[in-house]
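Visitor: What follows is a single structure, and I will ask about it in a moment.
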Amino acid sequence: MTAAFETGFDTSRLATGFADPVLDAQAAFRRLLAAFSYVGRIQEVAEIAEIPAPLNAATASFCLTLADLETPLWLDGAAGRPAVAAWLRFHCGAPLADAPEGAAFAVVADPAAMPRLDRFAPGTDQYPDRSCTVVIQVEALSQGQGQGQGQTLRLQGPGIDGTLDLVVTGLPPWFAETWALNHAIYPMGVDLVLTCGRKLVALPRGTRIEG
Amino acid sequence: MTSGIGAAEPMQTTRAAIGDSDPDGADRYNYAYLDEQTKRMIRRCLLKALAVPGYQVPFGSREMPLPYGWGTGGIQVTASIIGPDDVLKVIDQGADDTTNAVSIRRFFARVAAVETTEATAEATVIQTRHRIPEQPLREGQILVYQVPQPEPLRKLEPREGETRKMHAYAEYGLMHVRLYEDIARFGRIATTYSYPVMVNGRHVMSPTPIPKFDNPKMGGNPAVQLFGAGREKRIYAVPPYTDVRSLDFEDHPFAIQRWDECCALCGAGDSYLDEVILDDRGGRMFVCSDTDHCGTRRARGHTGRLGADAATAAAAKPRGAAR
Ligand SMILES: [Zn+2]
């Protein structure tokens, strides 16, 4: 919290974070744990009263739960507004990374313009955990087939009983191609969290995606 | 047993239970004991561990109010995930009523205000030492293992730098050679506990000192399996529906322990049995190591060889510190 005071922000005008920082973070983490356990299944986090645009509730919840002074955070052009940066510094204390390469977490609010996945840290062969988790805000997210809109991703891998279909609107056109490259360097690679409103879904590096 | 969270009760100072008023707040414990920054660090590690099943994620283990060997790694994992809506079960070698299990259960009832249970089916979080419950787990349940030694290759290679490379490049030949030497010497693989597994076709992992009887339960399980090693500062995980195979050879396939007898109390023929000495004249019986499983079966009317007498005797034996 001191970071915000040092940089002289008027904290009285900052959006609030979790109403109960301890128990709300616990509840939000359990949704994330479920998302990384039951891969491809959409989880819903609780609403947060005030969130600086353009962050959605799921992205805000992710940051409040996991980001802190040990996790450099990269914001894309759309997310990198002063109000967002101030809010993240105040509530998480996370340093902002200048480039995707140096980030432990990245927030992408405009996926159409996002860097390809190989710009984010994939970890090392001996420490594949030193990788980036990229949170991507998408237009729509639903389970199963036949929504008409969106791209159907057929998922397979750990955390999935057989195969699972996820319908996503708003991923960049090159997504499937770069995901295959990301999956190919397993156990290195980035993990993704797709968010939309209060919904989130995890796509860890070990997931095979057809679609 | 005179130190730690058992008899010595250092938790007297715990005014952390939520809702407690504590005007100065100076010596309060946080909810679930750990401070929020530690929880965040462990939570980040847990997600990485799930993303790379079987890979050991290093973490900054914290001092806990109990000695290593009491499951500090498992306790830190449980403390980082648990919330007031959870129902916690703690087992030690299958039993809910050992001093260790009772102490850990009380600890979390106190610092995290959770409900506790001995019934596997009712629990949302199960912390375990050396067993997987007999009752099949379901989606949404989380099994937290206490891990004394997370490195399956440690006996073959004492240097951490070397084992890390072996995992990085999937150089698991040594492990196979070791198992094959077992066969050459004993005609079979003699390892019965901590029998190594291959997870997701990529990482060799220690299942912790569970009997190899439990190994087949790890693969394709609908529940989440998390592993915490406090002294060695490692966290690893097996997500639901993940391929877990016990290492073996075509001509010597993996096989679990079998008993000629059934449980003397409940008659179960498919559970893991412990041998119990009855008297000094060589009398003995085999009973389920999973006390909840055995009790549930008996409550449903199942009876073993020694029937009601043995059940009464077992019930009369001294229980743990509580209950
Ligand atoms: Zn029995």
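The values are calculated or read from the model by the stated rules, or taken from the named source; none is laboratory data. The model shown is predicted, which means the values in this text are computed figures rather than measured ones. Cβ: placed from backbone, ideal geometry, glycine included. Neighbour counts: every protein chain shown.
Visitor: Tell me, please, whether a residue that is within 14 Å of chain B (Cβ to nearest Cβ), surrounded by 21 or more Cβ atoms within 10 Å (Cβ to Cβ) and either assigned to a helix (DSSP H, G or I) or more than 14 Å from the chain's Cα centre (by Cα) (or both) can be found in the range A:94-104.
Guide: So far as the range A:94-104 goes, yes, one or more of its residues are within 14 Å of chain B (Cβ to nearest Cβ), surrounded by 21 or more Cβ atoms within 10 Å (Cβ to Cβ) and either assigned to a helix (DSSP H, G or I) or more than 14 Å from the chain's Cα centre (by Cα) (or both).
Visitor: Filter the range B:263-280 for residues that are assigned to a loop (DSSP other than H, G, I, E, B), over 24 Å from the mean Cα position of the chain (by Cα) and either more than 13 Å from the ligand (Cβ to nearest atom) or not aliphatic (A, V, I, L, M) (or both) and give the result.
Guide: B:GLY267, B:LEU278, B:ASP279, B:ASP280
Visitor: Additional query: Take the conditions over 16 Å from the mean Cα position of the chain (by Cα) and touching a residue at least 12 places away in the same chain (Cβ under 8 Å) and apply them to A:GLU44. Does it pass?
Guide: no
Each row is one residue, and each column tells you yes or no for (1) aromatic (Phe, Trp, Tyr); (2) modelled with pLDDT of 90 or more; (3) more than 10 Å from the ligand (Cβ to nearest atom).
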residue	(1), (2), (3)
B:PHE254	yes, yes, yes
B:ARG298	no, yes, no
B:GLY307	no, no, yes
B:ALA315	no, no, yes
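Visitor: What are the residue pairs meeting all of these: first residue in the range B:287-299, first residue closer than 11 Å to B:ALA95 by Cβ and assigned to a loop (DSSP other than H, G, I, E, B), second residue within 7 Å of the ligand (Cβ to nearest atom) and at pLDDT 95 or above, Cβ atoms under 7 Å, and 6 or more apart or on different chains?
Guide: Between residues of the range B:287-299 that are closer than 11 Å to B:ALA95 by Cβ and assigned to a loop (DSSP other than H, G, I, E, B) and residues that are within 7 Å of the ligand (Cβ to nearest atom) and at pLDDT 95 or above, the close pairs are B:ASP290/B:SER271.
Visitor: Now a separate question. Among the candidates B:VAL90, B:VAL52, which residue alone is away from every other protein chain (no Cβ under 14 Å), touching a residue at least 12 places away in the same chain (Cβ under 8 Å) and buried (at least 24 other Cβ atoms within 10 Å of the Cβ)?
Guide: B:VAL90
Visitor: Related question: Does any residue of the range A:190-199 turn out to be free of Cβ contacts under 8 Å to residues at least 40 places away in the same chain, farther than 25 Å from B:GLN141 by Cα and not in a helix (DSSP H, G or I)?
Guide: Within the range A:190-199 (the criterion being free of Cβ contacts under 8 Å to residues at least 40 places away in the same chain, farther than 25 Å from B:GLN141 by Cα and not in a helix (DSSP H, G or I)), the answer is no, since none of the residues qualifies.
Visitor: Looking at the structure I just gave you, is B:LYS89 within 19 Å of B:HIS130 (Cβ to Cβ) and either in a helix (DSSP H, G or I) or charged (D, E, K, R) (or both)?
Guide: yes
Visitor: Okay, next question. Considering only residues of the range B:229-244 that are away from chain A (no Cβ under 14 Å) and either within 16 Å of the ligand (Cβ to nearest atom) or of a type outside the set (A, V, I, L, M) (or both), which is surrounded by the fewest Cβ atoms within 10 Å (Cβ to Cβ)?
Guide: Only one residue fits best here, namely B:ARG231.
Visitor: Which condition number does A:ALA79 fail, the rest of (1) part of a helix (DSSP H, G or I); (2) hydrophobic (A, V, I, L, M, F, W, C); (3) more than 30 Å from B:MET218 (Cα to Cα) being met?
Guide: With respect to (1) part of a helix (DSSP H, G or I); (2) hydrophobic (A, V, I, L, M, F, W, C); (3) more than 30 Å from B:MET218 (Cα to Cα), A:ALA79 is out only on (1).
Visitor: Going by the conditions given, is B:LEU247 more than 16 Å from the ligand (Cβ to nearest atom), within 19 Å of B:TYR195 (Cα to Cα), within 14 Å of chain A (Cβ to nearest Cβ) and of a type outside the set (Ser, Thr, Tyr)?
Guide: Spelling it out, it is not the case that B:LEU247 is more than 16 Å from the ligand (Cβ to nearest atom), within 19 Å of B:TYR195 (Cα to Cα), within 14 Å of chain A (Cβ to nearest Cβ) and of a type outside the set (Ser, Thr, Tyr).
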